[in-house]
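Down below is the structure, laid out as structure tokens.
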Amino acid sequence: MTQTAHPDTVLIVDFGSQVTQLIARRVRESGVYCEIVPFQSAEEGFQRLKPKAVILSGSPASTLDIGSPRAPQVIFDSGLPVFGICYGQQTICAQLGGKVESGHHREFGRAFLEVEKDCALFDGVWSLGSRHQVWMSHGDRVTAIPEGFEVVATSANAPFAFIADEKRKYYAVQFHPEVVHTPDGAKLISNFVHKIAGIKGDWSMSAYRAKAVDAIRKQVGDKKVICALSGGVDSSVAALLIHEAVGDQLTCILVDHGLMRKDEAKNVVAMFEEHYNLHLLHVDASDRFIGELEGQSDPETKRKIIGRLFIEVFEEEAKKLGGADFLAQGTLYPDVIESVSFTGGPSVTIKSHHNVGGLPERMNMQLVEPLRELFKDEVRVLGRELGLPDSFIGRHPFPGPGLAIRCPGGISREKLEILREADAIYLDEIRKAGLYDAIWQAFAVLLPVQTVGVMGDGRTYEFVCALRAVTSVDGMTADFYHYDMEFLGRAATRIINEVRGINRVVYDVTSKPPGTIEWE
């Protein structure tokens, strides 16, 4: 979908920081629309978005390195307010006549700022002489500031921790205001977009809904749309939004690839047929998918097979319908972010099962992606706007490749059935314990490992099952859920007793930093 025009937008230039997405979260939480653009295409993004303010992110790079990232000069020539964060501060200084050096005391972690001078950005947050906790993460540091800037706050190891040029509305900090470890950071970002940039903060989900519906109508016209409906929250919200825009021009297709959770396809079809007047086709392609996946162990190969087969099925179904001009899917902003290599790293391959970069030319179809500007939690808010029940809105996310990536190693029908049963028992125990809504995502994984065990009077040689549960807000970062041992013991006992093929259960306590996938 052609991206909706937002009159009051903040442009975030990403220099490769792992927490750039958190800057976007803080801006949107203040009721202001924003977009992240990689530094390589920042000038194009600036011209396209016509923002009211710019934020420059952190980076693992050093401004002292040859060819290190820089902000396009058009930003400084525009007269717009600019907020530089960590590396963003350093590149402001390097580009505007200040100085950055390495070899000084590095800071990683908690630090405390002393407010040395009043500043418009502090309004209602900090006062002269006060002391505040912030989060530092830097090796280089600013040692001289450009003309026009003043020091407004310092830390023990950063004499230029917070600098400002009030006349040009330039603000630059060495710490990270976007992380929770800087308690007042969100308020500082809110002050920047509201009080410095003068943006009202009237971006809401109802406003997004109206603009998205209008944009879909303009894009689609009187043509036909098929929607890839997986039954998850993302594709379901996309389907309802598109249906509101174009009505009977939409046909939803649920492709059952044999990699769904237990009874998933049946339950999804029943819900949509009972509550929504959508044209929904249920296509059982499980033999086709599993047939090609059987024996495949490479995770990227699995994803590519699944993506290719999805496209083939949609092509075939579109022909049966007499053709379609558009394919709709529930691509989210994290999908877009994680599918773009901002710094030449591996993130370009993270979302390869999505068609984020476009469809094969032979399809002669355009993508409709009405959610590609939204984070996961924002999609849930939009779902409520569209009337989806809370019981559905709160469902745990399920990846497009389904159980294929929760079954590392070679795929087989037997292993998928084992995993499906274990996963169903695990989720049943979570619901019985009243924990489902406290957990963002929980699932079982069938590890490519078999162990010797004793069950009753016999020896077994069966698979190990890993249980995973994480807490998150937007799907960009996650931490493991802290179960008590009684719950884990109960869930593990049921799985071992009721699922033939598993004789050991472990719990995964891995956290998920930005830009990583869930398992593989």
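The values are calculated or read from the model by the stated rules, or taken from the named source; none is laboratory data. As the structure is a prediction and not an experimental result, all values here were calculated from the model. Note that each Cβ is placed from the backbone with ideal geometry, even for glycine, and that neighbours are counted across all protein chains shown. Each accessible area value is taken on the protein alone, full model and side chains, heavy atoms only, with ligands, DNA and RNA left out. Shrake-Rupley method; radii C 1.70, N 1.55, O 1.52, S 1.80 Å.
Could you grab me the full set of residues in region 397-420 that are surrounded by 18 or more Cβ atoms within 10 Å (Cβ to Cβ) and part of a loop (DSSP other than H, G, I, E, B)? 398, 399, 400, 401, 407, 408, listed by residue number. Going by the structure shown, is residue 183 modelled with pLDDT of 90 or more and open to solvent by 60 Å² or more (accessible area, probe 1.4 Å)? Judged against the criteria, residue 183 is a match. The single condition among (1) within 20 Å of the chain's Cα centre (by Cα); (2) closer than 30 Å to residue 215 by Cα; (3) modelled with pLDDT of 90 or more; (4) not aliphatic (A, V, I, L, M) that residue 443 does not meet is (2). When residues in region 421-463 are screened for being under 17 Å from residue 398 (Cα atoms) and either of a type in the set (Ser, Thr, Tyr) or open to solvent by less than 30 Å² (accessible area, probe 1.4 Å) (or both), 14 of them pass.
Every listed requirement among (1) modelled with pLDDT under 85; (2) over 18 Å from residue 400 (Cβ atoms) is met by residue 322 save one, (1). Within region 464-504, being part of a strand (DSSP E or B) and open to solvent by less than 30 Å² (accessible area, probe 1.4 Å) holds for 464, 465, 466, 467, 468, 469, 470, 478, 502, 503.
On the stretch given as region 233-262, residues that are surrounded by fewer than 20 Cβ atoms within 10 Å (Cβ to Cβ) and at pLDDT below 90 total 0. Of all residues in region 154-175, those satisfying the criterion of being among the small types (Gly, Ala, Ser) and at pLDDT 95 or above are 164, 172.
Kindly establish whether residue 378 is surrounded by 14 or more Cβ atoms within 10 Å (Cβ to Cβ) and either touching a residue at least 12 places away in the same chain (Cβ under 8 Å) or over 28 Å from residue 243 (Cα atoms) (or both).
Yes; evaluated as a whole, the condition is true for this residue.
Say we look at region 36-54 and pick out the residues that are touching a Lys or Arg at 6+ places or on another chain (Cβ under 9 Å) and in contact (Cβ under 8 Å) with a residue 60 or more places away in the chain; which of these is farthest from residue 75 (Cα to Cα)? Checking each candidate, the answer is 39.
Regarding residue 202, is this residue assigned to a loop (DSSP other than H, G, I, E, B), open to solvent by 50 Å² or more (accessible area, probe 1.4 Å), more than 30 Å from residue 80 (Cα to Cα) and not β-branched (Val, Ile, Thr)? Against the criterion (assigned to a loop (DSSP other than H, G, I, E, B), open to solvent by 50 Å² or more (accessible area, probe 1.4 Å), more than 30 Å from residue 80 (Cα to Cα) and not β-branched (Val, Ile, Thr)), residue 202 does not qualify. Do we find that residue 421 is out of contact with any Pro (no Cβ under 8 Å at 6 or more places or on another chain) and modelled with pLDDT under 95 in this structure? The answer is no for residue 421. Taking the conditions exactly as written (over 24 Å from residue 472 (Cβ atoms), modelled with pLDDT of 95 or more and open to solvent by 10 Å² or more (accessible area, probe 1.4 Å)), does residue 46 satisfy them or not? So residue 46 passes the test. From the list 96, 128, 80, 121, the one residue that fits, being more than 31 Å from the chain's Cα centre (by Cα) and open to solvent by less than 50 Å² (accessible area, probe 1.4 Å), is 96. The single condition among (1) under 20 Å from residue 135 (Cβ atoms); (2) touching a Ser or Thr at 6+ places or on another chain (Cβ under 9 Å); (3) surrounded by 21 or more Cβ atoms within 10 Å (Cβ to Cβ); (4) not polar (S, T, N, Q) that residue 34 does not meet is (1). Checked against (1) over 26 Å from residue 375 (Cα atoms); (2) not in a strand (DSSP E or B), residue 216 passes all but condition (1). For region 278-321, the candidate set comprises residues that are free of Cβ contacts under 8 Å to residues at least 24 places away in the same chain and within 23 Å of residue 242 (Cβ to Cβ); within that set, the residue that is nearest to the chain's Cα centre (by Cα) is 312.
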